[in-house]
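The values are calculated or read from the model by the stated rules, or taken from the named source; none is laboratory data. A quick note: this is a predicted structure, and the numbers were derived from the prediction, not measured. Backbone-built Cβ (ideal geometry, glycine too); neighbour counts: all protein chains shown.
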Amino acid sequence: MTSLSYKILSLILLFLLIAACKDAGQNEKQSGKDSSSDTLIPDTKNTFLFLTEWFGKVGVYKYDLAKKKYSTVWWHPRENVVMLVYKSENHPSYFLTSEKMGMKANFPFFNRLKLFIISHDLSETKQIDNLGSGLQFTARWNDDENLEMIYTSVDKTIASYVNQYTKVYDHYGKLVDSEIKTFDIEKSGFPQLIPPTNSTISTSGKYGVSFKSDSVFLKIAGSDSLESIAVMKHRLNKLKWSDNEEYLFLSTLNLDNETIKTKNPETSELFIYSLEADSLINAFGGAGLKNFFALSNLLIFDDGFDNNSRINIYDLNQKKVVDVIKPREGCGLVMLPSIPVRE
């Protein structure tokens, strides 16, 4: 093949790849028969973001609740999205990519971690930081609703030292605060990432929850009695009160459960409790991470691992799952739910 022919072929292949990227994930997903989906929903409540894989790389996608279709927000042939930090209100969204992640000698690790921001209207995406390689990381919204990144890496000069970095970014992706703490793991052990904050008191102060062993109880202000909500099989992962305080959502998680290597893993649970009806209206167990968030009258949560992972859309009024997103390669709300790879 001549040099000119090779260049022409390369340009054609590049054009095809770009065109394919634009159409990635636009497969129509038809399931659920809720007639209310034909009603025009306000734009801010009509879509949400999630992750799925295409051509071996995980990207960020947008799901249209009315059209029951999803389309690409961001995908790159050389990047792999490992975490999405997203709110359904008018906030920017953040995601992280990594060249490789896994478990080594019972420690998690990541290589070449990068941080990106998506504008709240999804029109612009840009990289805002290069965080390098390390052992573990997490990202969350802090009390000021800014993004807080926490990650650790081995010190380059003293092998027994581990540095823990905390970085805070505002709504424009600007770094507004940064801190480094150094730990001697031979003396103080390995530093733990800050767990997710779970407020046991509702915003108004009317309701509260308490935990005794594996049981969850509801307490109403002004009353001394405790109402049993649920019995958990795993450790509490996330607790969330709905904005109108009509519901309480609880999820549990245990990725060390011995069933994780079987055909029917039991790693997580999700409980939906109606504060108005004073009753547990539904519970989901089994595999997956059960990441969730509420959107209007819907509770959206992921379930299952790897290619069997999916996103369920649960109607709180109808008390049932009314739609399911299930791409061929699986999907998730925060990360692509997969069984940890150990080296």
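For the reader, a short list of remarks on this structure follows.
- Flag if residue 306 is among the charged types (D, E, K, R), within 20 Å of residue 254 (Cβ to Cβ) and buried (at least 21 other Cβ atoms within 10 Å of the Cβ): no
- Residue in segment 114-123 that is free of Cβ contacts under 8 Å to residues at least 40 places away in the same chain and among the β-branched types (Val, Ile, Thr) present: no
- Hits in segment 106-152 (condition: under 17 Å from the mean Cα position of the chain (by Cα), assigned to a loop (DSSP other than H, G, I, E, B) and of a type in the set (Asp, Glu)): 145
- Of the residues making up segment 227-238, those that are more than 14 Å from residue 275 (Cα to Cα), in a strand (DSSP E or B) and among the aliphatic types (A, V, I, L, M) are 231, 236.
- Subset of segment 61-70 [part of a strand (DSSP E or B) and either acidic (Asp, Glu) or farther than 13 Å from residue 330 by Cα (or both)]: 62, 63, 64, 69, 70
- Screening residue 176 with (1) among the aliphatic types (A, V, I, L, M); (2) within 30 Å of residue 124 (Cα to Cα); (3) touching a Ser or Thr at 6+ places or on another chain (Cβ under 7 Å) gives one miss only, at (3).
- Selected residue (criterion: modelled with the lowest pLDDT) from residues of segment 202-226 that are part of a loop (DSSP other than H, G, I, E, B) and closer than 18 Å to residue 237 by Cβ: 213
- All positions within segment 195-225 that are touching a Ser or Thr at 6+ places or on another chain (Cβ under 7 Å) and among the aliphatic types (A, V, I, L, M): 209
- Residue 180 being among the hydrophobic types (A, V, I, L, M, F, W, C) and more than 29 Å from residue 119 (Cβ to Cβ): yes
- Selection from segment 71-85 of residues that are farther than 14 Å from residue 336 by Cβ and either charged (D, E, K, R) or in a loop (DSSP other than H, G, I, E, B) (or both): 76, 77, 78
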